[in-house]
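Structure first, commentary second.
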Amino acid sequence: MRFLRLHPRRQPPQKSWSVVADCSSSFEAEVIAGLLRTAEIPVFIQQDGAARAMGITIGIGAIRVLVPTPL
């Protein structure tokens, strides 16, 4: 299993990913990603740069949980 966290402008390593959740907090995104990883589903968490740069995890920007499209 791989857990990836990349810069929002970078693309995930696979060509096609689908958003399975839009979260308002990094905690929520991590819980969802953890459940998916437990089921051995590759997960990619994408967070808007402004929230990450300011260290704010709630209320600014979206945090998206993505999985490969074939799943």
Check your understanding: Name the strands (runs of 3 or more DSSP E) wholly within the chain that hold at least 2 residues that are at pLDDT 90 or above?
Key -> 17-23, 43-47, 63-68
Revision key, fill the gap. Here the qualifying pairs (Cβ atoms under 7 Å; residues six or more apart or on different chains; first in the range 17-46 and closer than 13 Å to Leu66 by Cα; second assigned to a helix (DSSP H, G or I) and of a type in the set (Asp, Glu)) come out as none
**Study point:** Residue that is surrounded by the fewest Cβ atoms within 10 Å (Cβ to Cβ), among those in the range 13-41 that are out of contact with any Ser or Thr (no Cβ under 8 Å at 6 or more places or on another chain) and of a type in the set (Ser, Thr, Tyr)
**Key:** Thr38
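The values are calculated or read from the model by the stated rules, or taken from the named source; none is laboratory data. Being a predicted model, the structure only gives us computed values, none of them experimental. So basically every Cβ, Gly included, is an ideal-geometry build from the backbone, and we count neighbours across all protein chains shown.
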